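The values are calculated or read from the model by the stated rules, or taken from the named source; none is laboratory data. Since we're looking at a predicted model, the values are computed, not measured. Note: ideal-geometry Cβ built from the backbone for every residue, glycine included; neighbour counts use all protein chains shown.
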Amino acid sequence: MLEAALAGLIGVVQPEAFMFMCLGVLIGSLVGFLPGIGGPSTLAIMLPFVMTMQDPLLVIALLVGMDAVGNTASAFTSILISVPGSSGSQATILDGHPMAKNGEAARALSASFVASLLGGIFGALVLFASLPILRPLVLSFSSPEFFILTLWGVSMVGILSGNAPVKGLLAGIVGVFISTVGLDAKSGVERFAFNVSYFWEGIDLVLVALGIFAIPEVIDLAGRKGTIAKAEEFGHGFLQGVIDCFRHWWLLLRTSIIGVWVGFLPGLGSSVADWFAYAHAVQTEKNRQNFGKGDVRGVIASEGCNNAKEGGDYIPTLAFGIPGGTSSALVLTAFIAVGIKPGPDMLTSQLNLTFAVIWTLAIANIIATALCMVFARPIAKICFMPFYAIVPPIVAFVFIGAFAANFHTYDLTALMIFSSLGFFMRRYGWPRAPLVLGMVLGDKMELYLWLSYTRYGFDWLTRPAVLALVALLIVSILYPLLTARARKKEARPLPLEA
Amino acid sequence: MIRAVEEIFFTAFIGSVMLAALFIAKDWPVRASIIILSLGGIAVILTIVQLTADYKALRHQGAAAVRPAFEVQPLEHTGRWGSLEIWAWLWGLFFAIHLIGFPVALPLFVFLYIKVYGGSWWTAVVLAALTWGFLHGIYDYLLHVPWPKPLISWFQ
């Protein structure tokens, strides 16, 4: 294992990979502090470019570097202008922006950067520590267990990634159905291709991801038309923010653990993690009267958690091939395209690549924090770019990226169709992450189901591990549904007495 | 009210797509249809559950129907016109690419969008030039991308 760890480190610090990692960190940071452009949208835009790369280490350096730091720079807009740069920094606003209003923007920013750094490194360490435990577990699984796991992954993301569990489950199934489009090599059946040769190769995930995520975000950004508020004072106390992080180390550690756990559970993304951490801080800390009015502990809790989440996110992604969220689903797609095989291989023959991911998570966080600290003042100014300077280049990227999927004009038509679907899904509160995840896992799910059926008939349903996983699946589905129902009943006003 | 009706239509649309998929897949061999038949039935049941929920929301003035999903950031309400405006731009770009080709349509789109919304000449020209440079530098020069031929041959 030590050799693999060393090989992973050497792999990511070699000049080319390191350059790609820095590029990923730059893009991730840029995306982080531009409100309205989420990490998944950018990952989707990057996919067509990344898939042409040959070296898996470069792909890891670029994408994991990008993914790891999105939440670090997003604190800029959350603190300065009360607009979350990414979904993981929403809770940062609650105390970060009041701090900026009180003339403590610099303190809030430095506290958030250091908390992000420490949280991110903690996440990478947990990922590292989990390997010896996961290895025997993953290797003992066969196709029936993997089928249930893929089903569990899609169901969990479907239920938890929105507050509309039924819609989420349906979206996941739509994703699985989309993954079946094309010529099925095993049976020779042309599935949902309607005699159109364009569909024979299947629908490219890049098109779906761009349409589902990137365009709806662009529509939102364009619709808001420069509603970004006026800048606050940058203020003083940059060093004080760093000291604050170490002074509240116990809070930072607890919220980082929450982050890792949330990341590990499929479906609970950054947007949930920071709120959990913030709520935990408010519930457990002493002298809580300042929370919401500019308490640095609120910033530390939220920012430490959202970066630690990334490490936790990669545990199921690498070990089981089941991404914990949208970003890791897109990273997983790129991994598969360049020959990285998430699952048992990542813990055996490709262990050095797993370590490359861990090292990238750690190093990218250090680079991003250093960048943010050094360039905090000039970056803060770029935050106030008007929408008309951001929207057209993104749209151009999206259209080029879509065409690059197959170099076919039908790609653009498909992009517009999936953009419409993404727009309506967002408009009517349908979670979009399960659709992408269903599409990513659809092939695997189908293969595992088929293998289970041909190998064991229906007996695979009675295997002890399968039964345990099915029980877990049922509890996972029913628990959020029942608690939501109970909460609704509690919230219902009592009838007035006559 | 209108929003709640729209939601019902959207759910019904998703449900009918699922039903159609099930209907098409029923004649395929097991290898090709196993996943569709396994999940399709569940999807139909879920659609009925969702339609019932949407209908209940409609009867209660759509209060529950407009809840935003957790994954989506709470954004300011922009109204339908705002969305239609950007959709017009997107479809305009889509047709422009077919008519005059990628290398002309994209920089033109960037330039026009910035100018229409009050950007300075400098910003518009620089960003359009950067888009053109990116298109030619990366895609033409490095990747030799075969751009689709535009319908108006003058732009080839």
message = For a quick check of your reading of the model, give me the residue pairs whose first member lies in the range A:42-53 and is within 13 Å of chain B (Cβ to nearest Cβ) and in a helix (DSSP H, G or I), whose second is surrounded by 18 or more Cβ atoms within 10 Å (Cβ to Cβ) and hydroxyl-bearing (Ser, Thr, Tyr), with beta-carbon atoms closer than 7 Å and at least 6 apart or on different chains.
response = none
query = If we scan the range A:30-42, do we find a residue that is of a type outside the set (S, T, N, Q), more than 24 Å from A:Leu127 (Cβ to Cβ) and modelled with pLDDT of 75 or more?
reply = yes
task = Scan (1) within 7 Å of another protein chain (Cβ to nearest Cβ); (2) not aromatic (Phe, Trp, Tyr); (3) not in a helix (DSSP H, G or I) for the single condition A:Arg426 breaks and write down its number.
result = (3)
inquiry  = Filter the range A:429-441 down to the residues that are assigned to a helix (DSSP H, G or I) and at the interface with another protein chain (Cβ under 7 Å from one of its Cβ atoms) and list them by number.
reply    = A:Ala433
task = Specify which of the listed residues (B:Ala88, B:Ala128, B:Ala96) is within 20 Å of A:Phe387 (Cβ to Cβ) and more than 9 Å from chain A (Cβ to nearest Cβ).
result = B:Ala88
note = Matching residues in the range B:32-70 (at pLDDT 90 or above and outside any helix (DSSP H, G or I)) number 0
inquiry  = Take A:Ser452 and tell me if it is hydroxyl-bearing (Ser, Thr, Tyr) and either in contact with a Ser or Thr (Cβ under 9 Å, 6 or more places away or on another chain) or within 11 Å of chain B (Cβ to nearest Cβ) (or both).
reply    = yes
key: Members of the range A:166-207 that are without any contact (Cβ under 8 Å) to a residue 40 or more places away in the chain and under 14 Å from A:Leu441 (Cβ atoms)   = none
ask   = For residues in the range A:145-176 being closer than 17 Å to A:Tyr428 by Cα and modelled with pLDDT under 80, which is surrounded by the most Cβ atoms within 10 Å (Cβ to Cβ)?
value = A:Gly158
ask   = Would it be correct to say that A:Phe194 is more than 10 Å from every other protein chain (Cβ to nearest Cβ) and either touching a Ser or Thr at 6+ places or on another chain (Cβ under 6 Å) or at pLDDT 85 or above (or both)?
value = no
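So that you can scan it fast, the table gives a plain yes or no per residue for (1) in a helix (DSSP H, G or I); (2) among the basic types (Lys, Arg); (3) crowded, with 16+ Cβ neighbours inside 10 Å; (4) under 24 Å from the mean Cα position of the chain (by Cα):
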site: B:Gly92; (1), (2), (3), (4): yes, no, no, yes
site: B:Ile97; (1), (2), (3), (4): yes, no, yes, yes
site: B:Leu106; (1), (2), (3), (4): yes, no, yes, yes
site: B:Val110; (1), (2), (3), (4): yes, no, yes, yes
site: B:Lys115; (1), (2), (3), (4): yes, yes, yes, no
site: B:His136; (1), (2), (3), (4): yes, no, no, no
site: B:Tyr141; (1), (2), (3), (4): yes, no, no, no
site: B:Pro146; (1), (2), (3), (4): no, no, no, no
ask   = Does B:Ile48 meet the test of being aliphatic (A, V, I, L, M) and either closer than 15 Å to A:Val189 by Cβ or facing chain A (nearest Cβ under 7 Å) (or both)?
value = no
